[in-house]
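Here, each number is a calculation from the coordinates, and none is a lab measurement. Keep in mind that this is a model prediction, so the values were computed, not measured. All Cβ positions, even for glycine, are placed from backbone atoms using ideal geometry, and neighbour counts span all protein chains on display.
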Amino acid sequence: TATGFNNTVSSICCYCGTGCGVRVTPQANGTVTVSGDEQHPANFGRLCSKGRTLGDTTGKAAARLLRPTLRHGKHALPQPASWDDALRTVGGKLAAAIREHGPDSVAFYLSGQLLTEDYYLFNKLARGLVGSNNIDTNSRLCMSSAVSGYKQTLGADAPPACYEDFDHAGCVFIAGANMAYAHPVLFRRLEEAKAANPALKIIVVDPRRTDTASIADLYLPVLPGSDVALFHAMLNVMIWEELIDRDYIAQHTEGFAALRARLREFTPRAASELCGVHEDDIVTAARWFAGSPATLSCYTMGLNQYSNGSDKNAALIHLHLATGHIGKPGAGPFSLTGQPNAMGGREVGGLATVLPGHRDPADAAHRAEVAALWQVPALPTRPGLSAIEMFEAAAEGKIKVLWIACTNPAHSLPDQALVRKALERVECVIVQEAFASSETLAYADIVLPAATWPEKDGSVTNSERRISRVRAALPPPGLAREDWRIVADVARWLAADIAPERGRLFEFVDAATVFAEHAATTAGRDLDYSRLSYAILDAQGPQQWPFDGKVGRTRLYGDGVFPTASGRAQFLDLGWRPPADKVSAHFPIRLTTGRLRDHWHTMSRTALVPGLTRHVEEPQLAMHPRDMQRHRLQAGELVKVRNKRGAIYLPVQADDSLRAGVAFVPMHWGAAALGGQGVNALTSRALDPQSKQPELKLAAVSVEPA
Ligand code: SF4
C-alpha cells in the first residue's frame with residue numbers, strides 16, 4: 001500500500017510482561033489479524049484470550065484520540081489544535097514553569113506500557129533538559145519492591161531465572177501471583193511441566209484460592225501482608241532440619257548469622273499466628289522447597305504491593321540463598337513483571353530512583369557518566385519524587401506542570417481523593433494518551449494523541465530479560481503520533497527557549513537511532529547490551545541481557561558471584577512489620593484487589609472486545625459466605641464498601657475461594673461502572689520505605705447494605 005503497511009510483521013503482545021511474540025497482518029479494512037509467533041521463545045506460538053483478540057482492538061477510531069486539544073482555563077472546553085500549536089504550548093508551559101518555579105515544579109508520570117525508546121527520551125528530556133529527577137512511572141505501583149528486593153540481596157535489579165526454568169524445576173513456589181489470569185501463557189507452560197513431570201511439587205501462597213491454586217500440591221492461604229512471617233518460619237524449619245546448603249551460604253553470601261538469630265522467634269507455631277497458615281503446612285512447604293533438586297519461585301503483585309513489599313521480596317530470596325536454589329537450571333527467585341515493558345523502563349532509568357543503565361541518581365560518578373553520554377554539563381542532584389510523592393506534592397501545589405503519558409492515574413493510583421485533588425491543583429496537566437476512555441482526560445489542559453499497538457516501532461524487555469522488537473503494522477489514526485517522536489518534538493521546542501545548544505540532543509530520525517543511543521548507555525553495566533542493535537534483533541530474533549555481541553545470558557549468578565561490593569549475596573536482618581492498614585471494629589474486612597483473566601488495567605483496550613467482557617460482566621465484591629451471613633447480606637445485594645478514604649457501591653457475591661475476613665474487588669472498573677470511582681477510592685497510599693511502592697493490595701473496610 002501507499003503507507004507501506006501491507007506485510008505481516010513479527011511483534012510482541014502489548015499486554016503482560018510475559019512478552020509473547022505475535023505475527024500481525026494488516027487487513028484492507030484498517031484492522032489487523034493476530035496469531036502467535038511460533039519462533040518466539042517466550043510463547044512458541046501460544047497466546048491467551050487477551051493476546052488472541054488483539055486484532056479486535058484495532059480499527060476503532062471512535063475509541064481513539066485523533067488530534068491534539070488545548071483548553072484555555074480549567075472550566076473551558078477542549079479545543080482542537082494543530083500539532084505545532086500543541087507542541088509550542090507544551091514547550092512554553094514547561095519553560096515558564098522552569099523559569100518561575102524551578103525545574104522541580106515539572107513532573108513526568110509515565111507507564112510500563114511505553115516502549116523502551118519512548119521511555120528513554122522522556123528520561124533524557126526530564127533529566128538532560130528540564131533538569132529534574134521528577135520522573136516516575138506506574139511501574140512504581142507494580143515492580144519497585146521487586147527491584148529493591150533484588151538490589152538489597154543480590155546487588156542488582158536483574159531477575160536471575162528464565163522461562164526455560166519451568167521445564168527443569170522440581171518445585172515451583174508461587175507467591176502472590178495469579179499466573180493463570182495475569183501470565184496465562186506461563187501458567188500453561190507450568191501445567192505442561194507438571195504433566196511431563198508429575199513429581200514436580202507446586203506450592204501456591206495466596207489469600208485467595210485462585211485458578212492458579214487449582215494446580216497446587218500445597219495451597220497456603222496466607223493472611224494479606226504476612227508473607228515475611230511465613231518465609232522466615234520456612235527458613236527456620238530448613239535450619240532446624242539441616243536442609244540448608246551450608247557450603248553455598250559460606251562461599252557466596254553474607255549476613256546469615258544475624259538473620260539466623262532473628263529467625264528463632266519465627267517458629268512455625270508463632271508464624272502461624274501471624275500469617276494464618278497451619279504450622280504443619282509451613283513445615284511441608286519448607287521441606288519441599290529445600291528438598292527439591294531445583295526450586296523456582298514466581299511472584300508478583302501479592303508480594304510487591306504492600307508497605308512491607310521489599311521485606312517480602314528479600315525474605316523469599318533468602319530461601320533461595322540458604323538452599324543454593326539460584327543460578328542453576330530450574331532454580332531462582334523469579335519476579336514476573338506485570339506490564340509489557342516494566343523491565344525496559346528500569347533499564348532506561350525511567351524512575352525517579354534510577355538513571356540509564358541501572359545507574360543511581362544519588363551517585364555522583366553515575367551522574368557524571370550519564371551527563372558525559374548525553375553531552376550535558378551535569379544531571380540534577382536533588383532526589384526526584386516517586387509516583388505517590390509526586391501526586392502528594394501536586395496536591396500541595398508544588399507541581400505546576402504534570403505530563404502524564406500512557407497511563408490513567410485518575411483510576412489506577414490508590415487513594416483517589418488525593419489523586420483527583422492533585423490533578424485539579426496542577427496548573428497545566430498534559431495527557432499523552434491513545435484512548436478516549438481514560439478518566440484522566442477530564443483533568444487535561446493539553447491532550448497529545450499518541451499512537452499505540454500496532455502502530456509503533458520500538459522494543460520491550462520481558463520478565464526473563466529478553467529484548468524483542470515491536471513493529472508497526474498500521475499507520476496511527478488521525479493525527480496520532482509515536483510517543484518518542486512527540487517527546488523529541490517537545491524537547492526541541494523547549495530547548496529553543498531555554499537551552500538552544502541542546503536541541504541537537506533530540507535529533508532522532510527513527511526508533512532505531514533512539515535504541516542505539518540507549519543501548520550505548522548500558523556498556524559496562526550489569527545489563528550490558530551495548531552491542532545489541534535492531535539489525536541483530538531483526539536477523540537473530542529476541543535476545544536476553546547481558547548480551548556479549550553474539551548471545552545473551554540465559555540465567556544469572558551461575559558462578560556464585562554477585563554484583564555487590566563483596567561479590568557475595570546479602571542476607572538481611574529483617575524483623576516483622578505488619579501491613580499499614582489494620583482491621584478494627586469499624587473496618588473489620590481485609591479488602592484486596594487484582595486482575596481478572598480477560599481484562600487489562602483500566603480496560604481502555606480490552607473493553608473494546610465483546611468476547612473479553614463476557615468472562616465477568618460487571619464488578620462485584622466477593623466475600624466469604626460466612627462473612628456475608630455475619631453481615632446479613634444476600635447474594636446480588638447492592639452494598640456500600642467504605643473506609644476512611646472513600647466509599648464505593650457494588651453488588652456482593654459469595655466466594656468461598658477467599659479466606660474468611662478477606663474480600664476482593666477487581667481493579668479494572670472505574671468511574672463509569674461504579675458511580676464515580678473504582679476500588680482505588682479505598683486503597684492505601686502507605687509506602688514501602690525502600691521501594692516507595694504503595695500498599696494497593698490491602699485496605700481495611702466495612703461492608704453494609706447500600
Ligand atoms: Fe499477551 Fe501476556 Fe497473554 Fe502473552 S500471556 S498473549 S503477553 S497477555
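Around His615, under 12 Å between beta carbons, what's the net of Lys plus Arg minus Asp minus Glu among the other residues?
Local charge sum for His615: 0.
Counting other C-beta atoms within 10 Å, which of Tyr163, Tyr534, Tyr119 has the fewest, and how do the rest follow?
Listed from fewest to most nearby Cβ atoms, that is Tyr534, Tyr163, Tyr119.
Taking the Cβ-Cβ separation of Ala62 and Leu479 as r and a Förster radius of 25 Å, what is the calculated FRET efficiency to the nearest 0.05?
0.95
Length gain on complete extension for the stretch Glu507 to Asp217, per 0.36 nm per residue less the alpha carbon to alpha carbon distance?
Roughly 98.8 nm would be gained on extension.
Rounded to the nearest 0.05, what FRET efficiency is calculated for Glu704 and Ala523 with R0 set to 35 Å and r the Cβ-Cβ distance?
Efficiency at R0 = 35 Å is approximately 0.05.
Fewest to most neighbouring Cβ within 10 Å: what's the order for Thr353, Thr295?
Thr353, Thr295
Label the stretch 589-705 by shape, choosing from rounded, prolate and oblate, from the square roots a ≥ b ≥ c of the eigenvalues of the Cα gyration tensor; if a/c is under 1.5 it is rounded, and otherwise prolate applies when a/b is larger than b/c, oblate when it is not.
Cα axes put the stretch 589-705 in the oblate bin.
Find the relative contact order for the chain and round it to a whole percent, using C-alpha pairs within less than 8 Å whose residues are 6+ positions apart.
Relative contact order, the chain: 20 percent.
Per-residue ellipticity at 222 nm for the chain, helices alone: DSSP H runs ≥ 4 residues times -39500 (n - 2.57), over residue total, nearest 500 deg cm²/dmol?
Mean residue ellipticity at 222 nm (helix-derived): -8500 deg cm²/dmol.
What is the order of Tyr529, Tyr306, Tyr649, fewest Cβ neighbours within 10 Å to most?
Tyr649, Tyr529, Tyr306
What relative contact order, as a whole-number percentage, does the stretch 310-437 give when Cα pairs under 8 Å and 6 or more residues apart are counted?
That works out to 15 percent.
Can you compute the modelled spin-label distance between Arg264 and Ala436, with each label point 7 Å from Cα toward Cβ, in nm?
Simple spin-label model gives 6.8 nm for this pair.
Treat every Asp and Glu Cβ in the stretch 9-60 as -1 and every Lys and Arg Cβ as +1, leave all other atoms uncharged, and give the resulting dipole magnitude about the Cα centre to the nearest 20 debye.
That gives a dipole near 120 debye.
Which order do peptides 268-279, 438-449 fall in by mean Cβ count within 10 Å, highest first?
438-449, 268-279
Any idea what the relative contact order of the stretch 9-60 is, in percent, if you count C-alpha pairs under 8 Å spaced at least 6 apart?
So the answer I get is 32 percent.
Quote to one decimal, in nm, the extra length available between Arg632 and Arg99 on full extension: 0.36 nm per residue of separation minus the C-alpha distance between them.
185.9 nm
Taking 0.36 nm per intervening residue step and subtracting the Cα-Cα distance, what contour gain separates Glu191 from Ser35 on full extension?
Length gained between Glu191 and Ser35: 54.0 nm.
Evaluate E = 1/(1 + (r/R0)^6) for Ala585 and Glu241, where r is the Cβ-Cβ distance and R0 equals 41 Å; express this FRET efficiency to the nearest 0.05.
Plugging the Cβ-Cβ distance into 1/(1 + (r/R0)^6) gives 0.50.
Please give the net charge around Lys50, taking every other residue with its beta carbon less than 10 angstrom from that of Lys50, where Lys and Arg add +1 and Asp and Glu add -1.
Summing Lys and Arg as +1 and Asp and Glu as -1 gives +2.
May I ask you to list the lysines whose Cα is less than 20 Å away from that of Lys398, ignoring any residue fewer than eight positions away on the same chain?
Within the straight-line limit of under 20 Å, Lys398 reaches these lysines: Lys74, Lys93, Lys421, Lys692.
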